[in-house]
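Below you'll find the structure, written out as structure tokens, and then a few comments.
The values are calculated or read from the model by the stated rules, or taken from the named source; none is laboratory data. Being a predicted model, the structure only gives us computed values, none of them experimental. As a convention, Cβ positions derive from the backbone with ideal geometry for all residues, glycine included, and neighbour counts pool all protein chains shown.
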Amino acid sequence: MIVIENVTVATVDANDTVHTDGHVVVGDDGRIAAVGPGKTEMSGKRVDGKGHLVTPGLVNSHHHLYQWATRGLALDETLFGWLTTLYPIWGRLDADVTGAAAAAGLGWLALSGCTTSMDHHYVFPRDGGDVLEAEIEAARRIGLRFHPTRGSMDLSRKDGGLPPDHVVEETDEALAATEAAIDRWHDPSPGSMLRIAVAPCSPFSVTTRLMEEAAVLARRKGVRLHTHLAETDDEEQFCLERFGCTPVEYADRVGWLGEDVWLAHGVHFSDKEIARLGATRTGVAHCPSSNARLGAGMARVRELVDAGVPVGLGVDGAASQEVSQISAELRQALYTARLRGGPTAMTALEALRLGTMGGARCLGREDDIGSLEVGKLADLVMWRLDGLGHDGVDDKVAALVFGPTAPVELALVGGDPVVERGELVNADEETLAREARRVHRKLMV
Ligand code: ZN
């Protein structure tokens, strides 16, 4: 048992309960045994949390880990320009590059308070080895709960899509590999450390047949569906020209709205589309830093949340926003909402909810993670807020969200430490950086 006390606890329960002087007890089964105000009589290894804030571990609901190997490129491009610059480089990906990039990306996420991450991997070069296995091994190495998706692209330039011919797969080949990945890796059990979802990449890189059959496959297997949608004006123009409808109308047409679906970005939605997403409980992974970096626009998060849409936060790939810290997305989400809707458009607690419970709902894990409640998994973060950057901000949730990126004193995944005193427990940061540098050089030949 671990007893954290003398600490502020933001539970993110249904009432957004915050205990300014409270405790959290982690049981030996890796679940939360107690949480509440004041002290507890329960025994265990005692941790003094004075000057700290405990929150649920942050959930990253959209990412492309392999992109850690291609950061800092195409710095002044729109999405389509950025993609067409990077596709040829990504065509050289292999398991070695993906594994090292994923370990770096996941290590960096853990250091920013992430305890569960998804990954959207959609580039599978023919002679690249088993890239999905490589990133799953990386997640095991770092110790994070992991929801990788088996992505895919089958619409290349010769058929009117955006990617070059050599980075896409055949439709049936992609579907078969996706089913094989689910059979091999997906663990549906409560407390699972590894779940797979099905994730064709985007309307401009995937055929209608692959979208439709991927949805049928996912539902037959009982796994979730993920894709990019409504990220930029370019994409909307592509859909209007090719399909005669908007991206959301297209998703609806191909069976891609529902509570088992979450969509990355969702920047360009009409009022009617937001209502439709809310009615179908389709989730959205909001990626405000990536949207800013690519100049894609500002998602209508206030309206999405008010319509009942589950909204999580995502850092998105490290090539489209080099910060890649999930804790920084709390502030960026709050700023983005306020740039659109003024200072009352989002509170610090609402931003924290997006980064925890919102992400858990996107991943279908709200029964297990996303809030600190008895019986839930002990995925939690203790943030150090008594240093120069935060001390003096009395509201500790405000200090975390409005303040600079906070150091992680302790991060637990299922009760197991993955970060202690700002350092990774299971890996060495310098080694991760060295490996990441090596594979970056390998790609940039
Ligand atoms: Zn993305």
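Summary of values
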{"item": "Qualifying positions in region 109-132 - more than 21 Å from Gly358 (Cα to Cα) and either out of contact with any helix residue (DSSP H, G or I) (no Cβ under 7 Å at 6 or more places or on another chain) or touching a residue at least 40 places away in the same chain (Cβ under 8 Å) (or both)", "result": "His121, Tyr122, Val123, Phe124, Pro125, Arg126, Asp127, Val131, Leu132"}
{"item": "Scan of region 243-287 for residues that are part of a helix (DSSP H, G or I), among the hydroxyl-bearing types (Ser, Thr, Tyr) and in contact with a Cys (Cβ under 8 Å, 6 or more places away or on another chain), ordered by number", "result": "Tyr250"}
{"item": "Criterion violated by Val397 - all others in (1) farther than 12 Å from Val59 by Cα; (2) touching a Gly at 6+ places or on another chain (Cβ under 8 Å); (3) surrounded by 22 or more Cβ atoms within 10 Å (Cβ to Cβ) satisfied", "result": "(2)"}
{"item": "Qualifying residue in region 288-300 (condition: among the polar types (S, T, N, Q), more than 19 Å from Ala230 (Cβ to Cβ) and touching a residue at least 24 places away in the same chain (Cβ under 8 Å))", "result": "no"}
{"item": "In region 290-328, the residues that are under 14 Å from Arg71 (Cα atoms) and touching an Asp or Glu at 6+ places or on another chain (Cβ under 7 Å)", "result": "Ser290, Val315"}
{"item": "Residue count for region 253-307, restricted to those that are among the small types (Gly, Ala, Ser) and under 17 Å from Gln321 (Cβ atoms)", "result": "10"}
{"item": "Scan of region 33-72 for residues that are closer than 30 Å to Pro200 by Cβ and loosely packed, with under 15 Cβ neighbours inside 10 Å, ordered by number", "result": "Gly72"}
{"item": "Enumeration of residues in region 307-340 that are among the charged types (D, E, K, R), in contact (Cβ under 8 Å) with a residue 12 or more places away in the chain and surrounded by fewer than 24 Cβ atoms within 10 Å (Cβ to Cβ)", "result": "Glu322, Arg331, Arg340"}
{"item": "Near pairs, Cβ below 8 angstrom, 6+ apart or cross-chain, from region 47-65 (more than 9 Å from Met382 (Cα to Cα)) to any residue that is of a type in the set (D, E, K, R) and within 16 Å of the ligand (Cβ to nearest atom)", "result": "His62/Asp316; His63/Asp119; His63/Asp316; His64/Asp119; His64/Asp316; Leu65/Asp119; Leu65/Glu135"}
{"item": "Boolean, Pro163 is touching a Leu at 6+ places or on another chain (Cβ under 8 Å), outside the structural domain of Leu380 (by TED's automatic domain parsing), within 15 Å of the ligand (Cβ to nearest atom) and assigned to a strand (DSSP E or B)", "result": "no"}
{"item": "Considering residues of region 187-229 that are more than 30 Å from Asp29 (Cα to Cα) and basic (Lys, Arg) only, the residue farthest from the ligand (Cβ to nearest atom)", "result": "Arg220"}
{"item": "Considering residues of region 61-120 that are over 18 Å from Ser152 (Cα atoms) and of a type in the set (Phe, Trp, Tyr) only, the residue nearest to the ligand (Cβ to nearest atom)", "result": "Trp82"}
{"item": "Region 257-289, subset crowded, with 21+ Cβ neighbours inside 10 Å and among the small types (Gly, Ala, Ser), residue farthest from Arg71 (Cα to Cα)", "result": "Gly283"}
{"item": "Spans of helices (runs of 4 or more DSSP H) in region 288-345 with at least 3 residues more than 19 Å from Gly57 (Cα to Cα) and within 13 Å of the ligand (Cβ to nearest atom)", "result": "288-293"}
{"item": "Meets criteria (within 16 Å of the ligand (Cβ to nearest atom), touching a residue at least 24 places away in the same chain (Cβ under 8 Å) and within 21 Å of Glu366 (Cα to Cα)) for Thr232", "result": "no"}
